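Please treat every number below as a calculation from the coordinates, not as lab data. Not measured: the values here are computed from a predicted model. Ideal geometry is used to build each Cβ from the backbone, glycine not excepted, and the neighbour counts take in all protein chains shown.
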Amino acid sequence: MKTDRKINEECAVLGVSLKNNEAVGITYNGLLTLQHRGQEGAGIAVVAQGNIICKKDTGLVSEVFAKESLADFPSSKTAIGHTRYSTTGSSVRENTGPFVTEYLTGRIATAHNGNITNAKDLREMLESCGLRFKATSDSEVVASLLAYRIVKEKDIFRGIEKAVGELEGAFSLCIATADGHLFAVRDPHGFRPLCLGKNNNGIIAASESCAFETCGFDFLRDVKPGETVLIQKGEIVNSAHSAREINKDLGLCIFEYVYFARPDSVIDGLSVYEARCNMGKILAEEHPADADIVCGVPDSGVDAAIGYASASGLPLVNGFVKNRYIGRSFIYPTQDMRSSAVRLKLNPLRAGVEGKRVVLVDDSIVRGTTSEKIVKSLKAAGAKEVHLRISSPPFVYTCSYGTDIDNMENLIANRMSLDGICRKLGADSLGYISIDGLKRACGKCTLPFCTACF
């Protein structure tokens, strides 16, 4: 687990196919917009003159691609990009995407978001066929399997379809070939988001639609669960759907709406901002509080706090000053560094909370250590009472599909009762949204949800 408080999931992917040569700049700008999905590493692979050139490293997008490094790329009509947060494999350059894989008749670059649950078996199969691996992430297994099946099928599209049929777990993929083909692929459950945008110059595929506006594209549609989309020369030219039977109890990870995604994204027909406001409104219905003000824990707790204040009639107050230069605490690799980041990141605004009974809205509690610090800090700033309201249900199970939920013994809701958690955190009351309430808040989504961790 990379944090004492938040959970995360693995990576953002982006791909562009254009009629002009602006692919590098658009990919860079798109990755900057998607930086919230992963801060451990970043990479860009471009197609130029029948070759694939890839640059990647650990660090933020702006750090990996300083001005000189970005200028080193050749002009290109096709490119893919990746920002990484690790759920499998260590945080090193070799595990950062995209992965460029050479095979007998060509080259592909692959960017992957998700977690492959049968990666170990696939790796052993590929090693028995003579393939060698340089990294430890499941994304390299995906890239190698794609290349292997393309060779076996002697056709890129059929090879990708064959490989995708062997993958189990969560995956959204952007794949670029040396001849300029771009593929956008989403797993049959639709665990991870992937959508398409369009302008006069071409097509973009990205984990979230927030990347489109910053890059000058209009939202076109979501990639459907199990769909493989082929894009050439800035146009969608082919699409195929998986015939695999799927578990109807699984679907899009609902935590995309709670925390992962940016509020200006629309995922499978539902605005993330609207979903979070709805969560706050339902929280106010399910867990009202006798209080004076409402405040949210930045950033994703703020939108839910807006909904809570609206439904309860209580005034919304800015309860914290956030140091924007610390970054998300989960990007730090050691516990000492994470603890320092938490202390530096949020400072209570005494003028807003002193003498008040506060409804504090946050998106989740994992271990509870940071929630405890935040509650104590509000009371130290003069808050008379703190009533904690959480816009996701209690986490009681780990996740196999790429969400970095801690070991079950470290999940506070797995080992303590609601009253016990409330006492441990030092809150005057505690209320989690119900699973049904969370589903109601996200009712406009066009897909079923995965809520297995709750």
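Report, in whole Å, the centroid distance computed from the Cα atoms of segment 127-203 and segment 223-241.
Between the Cα centre of segment 127-203 and that of segment 223-241, the gap is 12 Å.
Output wanted: per-residue J couplings in Hz (rounded whole) for segment 407-416, from phi through Karplus 6.51 cos²θ - 1.76 cosθ + 1.60, θ = phi - 60°, x for Gly and Pro.
Rounded to whole hertz, the list is 4, 4, 5, 8, 7, 4, 6, 7, 10, 9.
Greater than 28 Å separation of Cα atoms is the criterion. Which listed pairs, Lys322/Lys384; Lys19/Lys55; Lys345/Lys379; Lys281/Lys379; Lys373/Lys444, meet it?
Working: Lys322/Lys384 22 Å; Lys19/Lys55 23 Å; Lys345/Lys379 17 Å; Lys281/Lys379 25 Å; Lys373/Lys444 35 Å.
Beyond 28 Å between Cα atoms: Lys373/Lys444.
Of Thr451, Ala45, Ala304, which is farthest along the charge dipole of the chain in the positive direction, counting Lys and Arg as +1 and Asp and Glu as -1 at C-beta?
Looking along the dipole axis, the top candidate is Ala304.
Can you tell me the mean projection area, over all orientations, of the convex hull of segment 12-246's alpha carbons? Units nm², please. Numbers along the way, then the final one.
Working: hull surface 44.0 nm².
Result: 11.0 nm².
Quick check on the exposure proxy: order Asp299, Asp428, Asp290 from fewest to most C-beta atoms within 10 angstrom. The partial results should precede the final answer.
Details: Asp299 14, Asp428 18, Asp290 10.
Placing the least packed residue first, the sequence is Asp290, Asp299, Asp428.
Restricting to Cα pairs below 8 Å that are 6+ residues apart, what does the relative contact order work out to for segment 266-450? Please round to a whole percent. Write out the running numbers ahead of the final one.
On the way: 349 pairs, mean separation 46.4, N = 185.
Here the relative contact order equals 25 percent.
By count of other Cβ within 10 Å, fewest leading, how are Met408, Met279 ordered? Numbers along the way, then the final one.
Values: Met408 13, Met279 31.
Going from sparsest to densest Cβ surroundings: Met408, Met279.
What ranking of Lys55, Lys248, Lys152 emerges when the number of other C-beta atoms within 10 Å of each C-beta is taken as an exposure proxy, fewest first?
Values: Lys55 17, Lys248 8, Lys152 14.
Neighbour counts put them in this order, fewest first: Lys248, Lys152, Lys55.
Between Ser62 and Glu213, what is the spin-label point distance in nm, taking each point 7 Å from the Cα along the Cα→C-beta axis?
2.0 nm
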